[in-house]
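Here is the structure we will look at, set down as structure tokens.
The values are calculated or read from the model by the stated rules, or taken from the named source; none is laboratory data. If you're wondering where the values come from, they're calculated on a predicted model, not measured in any experiment. In this analysis, Cβ positions are derived from the backbone assuming ideal geometry, glycine residues included, and neighbour counts consider all displayed protein chains.
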Ligand code: MN
């Protein structure tokens, strides 16, 4: 048995799985996101604060970032700007996950360079739709009925 061969096959399939960074300080919310991403065969990384989010995004350059807007220390708005100003992370789609629904905050999110947002509390369909929109090369069966 050629073990190098099997190892490289495993590596190959891992590389084809989209990598999603979820930035979220609430454990229940994180569990839900992890569950959904698992159904989509996405590889998943979690950061519970802004500093970790910035370093993971720079190091691994995920295919998408799901970003909670209310975080300790660094605000979501500040994080969006920092992701978008950094050459290493500027092209990564950022989806704000926000309970802030006022028009003013929505404008702030957009002008900071965020690609899209979903409002908390969101339905599974909302999360699925946004993941499909920004990871179009994914092929997986619908999780939720339309
Ligand atoms: Mn939060």
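Step by step: first the residues of the range 55-74, then only those that are in contact with a strand residue (DSSP E or B) (Cβ under 9 Å, 6 or more places away or on another chain) and away from the ligand (no atom under 16 Å from the Cβ), then the one that is farthest from residue 130 (Cα to Cα). Which residue is that?
Looking only at the range 55-74, we keep the residues that are in contact with a strand residue (DSSP E or B) (Cβ under 9 Å, 6 or more places away or on another chain), and these are 55-57, 60-71.
Still in the running and away from the ligand (no atom under 16 Å from the Cβ): 55-57, 60-64.
Values: 55: 24, 56: 21, 57: 19, 60: 21, 61: 19, 62: 15, 63: 13, 64: 10 Å.
The residue in question is 55.
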Worksheet item: Looking at the range 90-100, which of its residues are under 11 Å from residue 114 (Cα atoms) and within 15 Å of the ligand (Cβ to nearest atom)?
Response: 95, 96, 97
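Quick one: which of 77, 109 is assigned to a helix (DSSP H, G or I), within 14 Å of the ligand (Cβ to nearest atom) and either out of contact with any strand residue (DSSP E or B) (no Cβ under 7 Å at 6 or more places or on another chain) or more than 15 Å from residue 22 (Cβ to Cβ) (or both)? Steps first, please.
Values: 109 fails: within 14 Å of the ligand (Cβ to nearest atom).
Residue meeting the stated conditions: 77.
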Worksheet entry | Qualifying position, being within 16 Å of the ligand (Cβ to nearest atom), modelled with pLDDT of 95 or more, on the phi < 0 side of the Ramachandran plot and out of contact with any strand residue (DSSP E or B) (no Cβ under 7 Å at 6 or more places or on another chain), among 87, 52 | 52
Discussion item. Tell me yes or no: at least one residue of the range 18-27 is closer than 18 Å to residue 120 by Cα and either without any contact (Cβ under 8 Å) to a residue 12 or more places away in the chain or in a helix (DSSP H, G or I) (or both).
Written reply: yes
